[in-house]
Each structure stands twice: as C-alpha cells, then as structure tokens.
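Some notes on the structure that comes next.
The values are calculated or read from the model by the stated rules, or taken from the named source; none is laboratory data. Being a predicted model, the structure only gives us computed values, none of them experimental. Positions of Cβ are generated from backbone atoms using ideal geometry, with glycine treated the same way; all protein chains shown enter the neighbour counts. Each accessible area value is taken on the protein alone, full model and side chains, heavy atoms only, with ligands, DNA and RNA left out. Shrake-Rupley method; radii C 1.70, N 1.55, O 1.52, S 1.80 Å.
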Amino acid sequence: MLASDVLAFVRAALPPRPARLLEVGAGDGELAELLRRDGYDVVAIDPASATPTVRAAALHELQEPSASFDAAVAVVSLHHVEPLGESCQRLGELVRAGGTLVVDEFDVERLDERAAHWLLAHRQPVGREHHAEPADFVADLRDHIHPLRLVLEALSEWFRLEEPVRGPHLHRWELPPGLQAAEEHLIAAGRLPAIGVRLVGTRR
Ligand SMILES: C[S@@+](CC[C@H](N)C(=O)[O-])C[C@H]1O[C@@H](n2cnc3c(N)ncnc32)[C@H](O)[C@@H]1O
C-alpha cells in the first residue's frame, strides 16, 4: 500500500495541473490512479504490469513524443531500470525543458548489516520470506540494484538535481505497520542508517 508521506512528497513536488505526467515503474498503478483523480494526465509504465491502467513497457523502449511530459515520477523504481544510462537518457528526452523529476529511492550502499538485521527481525513475525543472514541479504541486494550514486550520475546529464533528502525507508519494506517512528528514532540515535532518499530535479 502506498505510504501517505510518499503521496504527500510527490504531490508537493509536482507542477500545477493541468500537466502530463509519466510514472516510471508504476507497479499496480495505485499512485498513478490517485494522481489522475487529482486531475493529472498520467501515463504509467511498468514492464511487469498486469494492470490495464499501467502500460507494459520498459522506460528505455517507451514510444512517446520527445518533450511531451511536464513531469516524471519514479518511486523506488530507478534502481531497477536496465540499461541504466539508456533509460535515463530516454527519461531526459521525454520530459520537456524546465519539466520536473520527482524521485523516491533508497540507497543500497547505505543499507548495511544493521539495517538488514532490523528489517529481517521485523519481517519474521509476519511470515515473510527472509534470508538467514543479514550479510547475505545485503550482498544479494547490492548485486542486482543500482547504487544511488550511479542513478544520480546518469540522471544529472539531463536534470539539474536538488540535494537529496535522506530519511527512513526500511519500514516500507513489507513490514507490519507502525514502524516508521521506531526507524526514525534509531536513525536519530545513530543505530540505523538513513537509507531512504527523496529528491527533485528540473530538466536542463
Ligand atoms: C520496487 S517496485 C516499485 C513499484 C511501485 N512504484 C511502488 O512503489 O510500489 C519497482 C518497479 O519498477 C519496475 N521496473 C523495472 N524495470 C523497469 C524499467 N526498465 N522501466 C520501468 N519500470 C521498471 C518493476 O517492474 C517494479 O514494478
């Protein structure tokens, strides 16, 4: 389920309506649907889509006119896109000059064994699949997810990026509800890394 603070962040960063938006990696289309109800014209894409309102397409192959979007939104999806450079180039081509990019991500290079341990400890009671060892969990993620610095490097060729805002993210990872405050407390105490990242960019 979409976290209310993610929705608030995206809404606050988007340009005023009417505007044409691209959502990259839209999953089940929940955010896209809420933004449509807000009055935006939304094209939502996801190569794994089984939802009629989300077009089954990968970013680098998306067939839409150049500079035809006023803004793009990507919620925990850019770390997955392949190939990264080509996908970010396509994003740059599709968003008009002066258009907005809204990114919610996590930084896999900040996800350490403490974070994995906390995550897995909270996952177990709800019976989710978990890796036996935090170290393996971290290694597995780092093996197949783009580090944030590479995503930002690829985007920065096309977008002027504001300073990323770091914060909690682990609580959104299929954990029981109500753990955001606990994660924030541990981050403030220096006992967990802040792996969440939010940032806004403007098309050059
Ligand atoms: C972690 S999920 C996030 C889904 C949704 N944004 C959410 O917050 O629930 C990442 C999504 O990115 C999608 N994805 C992977 N590669 C992609 C690509 N090349 N272009 C667009 N989306 C992609 C995946 O299929 C997946 O649904």
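Go through VAL76, VAL6 for me and flag whichever is within 14 Å of the ligand (Cβ to nearest atom) and either polar (S, T, N, Q) or open to solvent by less than 20 Å² (accessible area, probe 1.4 Å) (or both).
Going through VAL76, VAL6 in turn, just one is within 14 Å of the ligand (Cβ to nearest atom) and either polar (S, T, N, Q) or open to solvent by less than 20 Å² (accessible area, probe 1.4 Å) (or both): VAL6.
Quick check on this structure: which one of GLY25, GLY99, GLY39 is open to solvent by less than 30 Å² (accessible area, probe 1.4 Å) and more than 9 Å from the ligand (Cβ to nearest atom)?
GLY99
With TRP158, TRP173 as the choices, which residue is in contact with a strand residue (DSSP E or B) (Cβ under 8 Å, 6 or more places away or on another chain) and among the aromatic types (Phe, Trp, Tyr)?
Within the list TRP158, TRP173, the selection yields TRP158.
Going residue by residue through region 58-66, is there one that turns out to be open to solvent by 40 Å² or more (accessible area, probe 1.4 Å), closer than 25 Å to TRP158 by Cβ and of a type in the set (Ser, Thr, Tyr)?
Within region 58-66, one or more residues are open to solvent by 40 Å² or more (accessible area, probe 1.4 Å), closer than 25 Å to TRP158 by Cβ and of a type in the set (Ser, Thr, Tyr).
Being crowded, with 17+ Cβ neighbours inside 10 Å and away from the ligand (no atom under 16 Å from the Cβ) is the requirement here; does LEU148 meet it?
No.
Condition (residue is without any contact (Cβ under 8 Å) to a residue 40 or more places away in the chain and among the aliphatic types (A, V, I, L, M)) applied to region 162-178: is it met by at least one residue?
Scanning region 162-178 turns up at least one residue that is without any contact (Cβ under 8 Å) to a residue 40 or more places away in the chain and among the aliphatic types (A, V, I, L, M).
Run down PRO47, PRO15 and say which single residue is touching an Asp or Glu at 6+ places or on another chain (Cβ under 8 Å), more than 19 Å from SER156 (Cβ to Cβ) and in a loop (DSSP other than H, G, I, E, B).
One residue alone meets the criteria, PRO15.
Matching residues to (1) touching a Phe, Trp or Tyr at 6+ places or on another chain (Cβ under 9 Å); (2) within 15 Å of PRO176 (Cβ to Cβ); (3) at pLDDT 95 or above:
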site	(1), (2), (3)
ASP107	no, no, yes
ARG114	no, no, yes
TRP118	no, yes, yes
GLN124	no, yes, no
GLU129	no, no, no
HIS144	no, no, no
PRO147	no, no, yes
LEU150	no, no, yes
ALA154	no, no, yes
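Every residue in region 188-204 that is open to solvent by less than 10 Å² (accessible area, probe 1.4 Å) and on the phi > 0 side of the Ramachandran plot, please.
Those that are open to solvent by less than 10 Å² (accessible area, probe 1.4 Å) and on the phi > 0 side of the Ramachandran plot: none in region 188-204.
Report, by residue number, each residue of region 56-73 that is within 9 Å of the ligand (Cβ to nearest atom) and either outside any loop (DSSP other than H, G, I, E, B) or closer than 13 Å to LEU101 by Cβ (or both).
Hits for region 56-73 are LEU59, HIS60, GLU61, VAL73.
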